[in-house]
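To keep things clear, I will list the structure first and then write my remarks on it.
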Amino acid sequence: MILRKAIFLESPIIWQILQQAIAQRKQDGSTQWQNGYPNEQSIHNDITNGYAYVLVDKEEIVAYAAIIFDIEPAYTDIKGKWLSNGDYVVVHRVATSNAVKGKGVATYLFKQIEELSIEKKVYSIKVDTNFDNIPMLKIVDRLGYTYCGEVFFNGSPRRAYEKVLQKPDR
(Lines give C-alpha, C1' and ligand atoms only; values in the text may rest on other atoms or scores of the structure.)
Protein backbone atom coordinates (compact mmCIF):
# COMPACT_ATOMS: atom_id res chain seq x y z
CA MET A 1 0.00 0.00 0.00
CA ILE A 2 1.20 3.48 -0.80
CA LEU A 3 0.22 6.89 0.56
CA ARG A 4 0.02 9.65 -2.01
CA LYS A 5 -1.71 12.94 -2.70
CA ALA A 6 -5.23 12.69 -4.06
CA ILE A 7 -6.39 14.25 -7.32
CA PHE A 8 -9.75 15.80 -8.22
CA LEU A 9 -10.69 12.83 -10.41
CA GLU A 10 -10.71 10.69 -7.24
CA SER A 11 -13.21 12.91 -5.40
CA PRO A 12 -16.21 10.58 -5.98
CA ILE A 13 -14.33 7.58 -4.53
CA ILE A 14 -13.12 9.64 -1.56
CA TRP A 15 -16.64 10.92 -0.97
CA GLN A 16 -17.98 7.34 -1.05
CA ILE A 17 -15.41 6.30 1.61
CA LEU A 18 -16.27 9.32 3.76
CA GLN A 19 -20.01 8.55 3.43
CA GLN A 20 -19.33 5.00 4.66
CA ALA A 21 -17.46 6.46 7.66
CA ILE A 22 -20.28 8.94 8.35
CA ALA A 23 -22.79 6.08 8.32
CA GLN A 24 -20.55 4.01 10.61
CA ARG A 25 -20.25 6.89 13.11
CA LYS A 26 -24.07 7.13 13.15
CA GLN A 27 -24.47 3.36 13.54
CA ASP A 28 -22.03 3.48 16.48
CA GLY A 29 -24.27 6.09 18.13
CA SER A 30 -21.75 8.89 17.68
CA THR A 31 -22.61 12.51 17.05
CA GLN A 32 -19.35 12.99 15.12
CA TRP A 33 -19.80 13.81 11.43
CA GLN A 34 -23.60 13.92 11.70
CA ASN A 35 -24.08 17.61 10.87
CA GLY A 36 -23.17 17.83 7.18
CA TYR A 37 -19.41 17.76 7.75
CA PRO A 38 -17.33 16.45 6.16
CA ASN A 39 -18.88 16.91 2.76
CA GLU A 40 -17.90 17.05 -0.91
CA GLN A 41 -16.72 20.64 -0.48
CA SER A 42 -14.37 19.46 2.29
CA ILE A 43 -12.74 17.08 -0.19
CA HIS A 44 -12.51 19.78 -2.87
CA ASN A 45 -10.87 22.15 -0.37
CA ASP A 46 -8.46 19.45 0.83
CA ILE A 47 -7.34 18.68 -2.72
CA THR A 48 -7.06 22.38 -3.61
CA ASN A 49 -4.94 23.05 -0.51
CA GLY A 50 -2.74 19.97 -1.00
CA TYR A 51 -4.05 18.26 2.16
CA ALA A 52 -5.86 15.32 0.55
CA TYR A 53 -4.07 11.98 0.71
CA VAL A 54 -5.22 8.51 -0.25
CA LEU A 55 -3.89 5.12 0.71
CA VAL A 56 -3.87 2.91 -2.36
CA ASP A 57 -3.73 -0.89 -2.43
CA LYS A 58 -3.35 -2.50 -5.86
CA GLU A 59 -4.66 0.65 -7.56
CA GLU A 60 -7.73 0.78 -5.29
CA ILE A 61 -8.23 3.65 -2.84
CA VAL A 62 -8.79 2.09 0.57
CA ALA A 63 -8.40 5.09 2.91
CA TYR A 64 -8.44 8.86 3.00
CA ALA A 65 -7.00 11.52 5.30
CA ALA A 66 -6.40 15.24 5.28
CA ILE A 67 -2.73 15.64 6.22
CA ILE A 68 -1.98 19.26 6.98
CA PHE A 69 1.56 20.57 7.40
CA ASP A 70 0.32 23.89 8.75
CA ILE A 71 -1.16 25.50 11.84
CA GLU A 72 -4.55 24.27 13.02
CA PRO A 73 -6.17 27.37 14.57
CA ALA A 74 -8.30 25.28 16.95
CA TYR A 75 -5.11 23.80 18.40
CA THR A 76 -3.75 27.14 19.63
CA ASP A 77 -6.26 27.15 22.48
CA ILE A 78 -6.05 23.78 24.21
CA LYS A 79 -7.56 23.00 27.57
CA GLY A 80 -4.47 21.06 28.63
CA LYS A 81 -0.94 21.13 27.22
CA TRP A 82 0.67 19.87 24.04
CA LEU A 83 3.88 17.84 24.35
CA SER A 84 5.77 20.16 21.98
CA ASN A 85 5.54 23.69 20.62
CA GLY A 86 7.35 23.37 17.27
CA ASP A 87 6.18 22.45 13.79
CA TYR A 88 3.56 19.73 13.58
CA VAL A 89 1.34 17.91 11.15
CA VAL A 90 -2.40 17.72 11.69
CA VAL A 91 -4.48 14.73 10.65
CA HIS A 92 -8.19 15.26 9.96
CA ARG A 93 -11.01 13.43 8.18
CA VAL A 94 -9.58 9.91 8.46
CA ALA A 95 -11.75 7.27 6.80
CA THR A 96 -11.24 3.75 5.51
CA SER A 97 -13.30 1.83 2.99
CA ASN A 98 -15.80 -0.66 4.40
CA ALA A 99 -14.07 -3.26 2.21
CA VAL A 100 -10.98 -3.12 4.46
CA LYS A 101 -12.56 -2.55 7.89
CA GLY A 102 -10.86 -4.51 10.66
CA LYS A 103 -7.75 -5.25 8.58
CA GLY A 104 -5.43 -2.69 10.21
CA VAL A 105 -5.59 -0.25 7.30
CA ALA A 106 -6.18 2.84 9.47
CA THR A 107 -3.25 1.87 11.69
CA TYR A 108 -1.09 1.39 8.59
CA LEU A 109 -2.28 4.78 7.31
CA PHE A 110 -1.07 6.46 10.50
CA LYS A 111 2.31 4.70 10.25
CA GLN A 112 2.62 6.03 6.69
CA ILE A 113 1.75 9.52 7.97
CA GLU A 114 4.57 9.18 10.50
CA GLU A 115 7.01 8.30 7.68
CA LEU A 116 5.78 11.22 5.58
CA SER A 117 6.21 13.57 8.54
CA ILE A 118 9.78 12.42 9.15
CA GLU A 119 10.51 12.76 5.43
CA LYS A 120 9.31 16.40 5.66
CA LYS A 121 11.35 16.90 8.86
CA VAL A 122 8.26 17.47 11.01
CA TYR A 123 8.50 15.45 14.21
CA SER A 124 5.12 15.99 15.83
CA ILE A 125 1.70 14.70 14.80
CA LYS A 126 -1.40 16.19 16.38
CA VAL A 127 -4.88 14.75 16.01
CA ASP A 128 -8.25 15.19 17.65
CA THR A 129 -11.36 13.08 17.79
CA ASN A 130 -14.77 12.86 19.40
CA PHE A 131 -14.98 11.36 22.87
CA ASP A 132 -17.15 8.57 21.43
CA ASN A 133 -15.05 7.64 18.38
CA ILE A 134 -13.88 4.31 19.79
CA PRO A 135 -12.05 3.09 16.63
CA MET A 136 -9.93 6.27 16.48
CA LEU A 137 -9.31 6.22 20.23
CA LYS A 138 -8.00 2.66 19.89
CA ILE A 139 -5.68 3.66 17.03
CA VAL A 140 -4.10 6.58 18.89
CA ASP A 141 -3.67 4.40 21.97
CA ARG A 142 -2.14 1.53 19.97
CA LEU A 143 0.31 3.85 18.22
CA GLY A 144 1.52 5.61 21.37
CA TYR A 145 -0.18 8.99 21.09
CA THR A 146 -0.45 10.97 24.31
CA TYR A 147 -3.72 12.52 25.46
CA CYS A 148 -3.01 16.25 25.84
CA GLY A 149 -6.42 17.71 26.69
CA GLU A 150 -9.37 19.19 24.85
CA VAL A 151 -9.64 21.41 21.80
CA PHE A 152 -12.88 22.92 20.55
CA PHE A 153 -14.47 22.96 17.09
CA ASN A 154 -17.66 25.00 16.76
CA GLY A 155 -17.92 25.00 20.55
CA SER A 156 -17.74 21.21 20.82
CA PRO A 157 -14.94 19.62 22.85
CA ARG A 158 -12.70 17.06 21.17
CA ARG A 159 -9.99 14.84 22.65
CA ALA A 160 -6.57 16.08 21.52
CA TYR A 161 -3.55 13.80 21.09
CA GLU A 162 0.06 14.25 20.08
CA LYS A 163 2.87 11.94 19.14
CA VAL A 164 6.43 13.22 19.04
CA LEU A 165 8.41 11.28 16.48
CA GLN A 166 12.04 10.33 16.88
CA LYS A 167 14.41 12.19 14.60
CA PRO A 168 16.47 9.78 12.51
CA ASP A 169 20.17 9.44 13.38
CA ARG A 170 22.32 11.00 10.71
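The values are calculated or read from the model by the stated rules, or taken from the named source; none is laboratory data. Please read these numbers as outputs of a predicted model, since none were measured by experiment. Please note: Cβ atoms are built from the backbone with ideal geometry, for glycine as well, and neighbour counts cover all protein chains shown.
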(request) Please find, among ALA74, ALA63, the residue that is in contact (Cβ under 8 Å) with a residue 40 or more places away in the chain, under 16 Å from the mean Cα position of the chain (by Cα) and surrounded by 17 or more Cβ atoms within 10 Å (Cβ to Cβ). (result) ALA63
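A quick yes/no check of all residues on (1) part of a loop (DSSP other than H, G, I, E, B); (2) touching a strand residue (DSSP E or B) at 6+ places or on another chain (Cβ under 9 Å); (3) among the hydrophobic types (A, V, I, L, M, F, W, C); (4) surrounded by 20 or more Cβ atoms within 10 Å (Cβ to Cβ):
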site: GLN34; (1), (2), (3), (4): yes, no, no, no
site: GLN41; (1), (2), (3), (4): no, no, no, no
site: LEU55; (1), (2), (3), (4): no, yes, yes, yes
site: GLN112; (1), (2), (3), (4): no, yes, no, no
site: LYS126; (1), (2), (3), (4): no, yes, no, yes
(message) I'm trying to understand the selection: among the residues of segment 77-92, which are crowded, with 17+ Cβ neighbours inside 10 Å and either part of a loop (DSSP other than H, G, I, E, B) or touching a Leu at 6+ places or on another chain (Cβ under 7 Å) (or both)?
(response) ILE78, TRP82, TYR88
(request) Starting from residues that are at pLDDT 95 or above and of a type in the set (A, V, I, L, M, F, W, C), keep the ones in segment 153-170 and report whichever is nearest to GLU114 (Cα to Cα). (result) LEU165
(message) When you scan segment 33-56, do you find a residue that is at pLDDT 95 or above, in contact with a Lys or Arg (Cβ under 8 Å, 6 or more places away or on another chain) and of a type in the set (Asp, Glu), even just one?
(response) yes
(request) Kindly check whether there is at least one residue in segment 142-152 that is farther than 11 Å from LEU83 by Cβ, free of Cβ contacts under 8 Å to residues at least 40 places away in the same chain, in a helix (DSSP H, G or I) and out of contact with any Gly (no Cβ under 6 Å at 6 or more places or on another chain). (result) yes
(message) When you check GLY155 against the structure, is it of a type outside the set (Val, Ile, Thr), touching a residue at least 12 places away in the same chain (Cβ under 8 Å) and surrounded by fewer than 17 Cβ atoms within 10 Å (Cβ to Cβ), yes or no?
(response) no
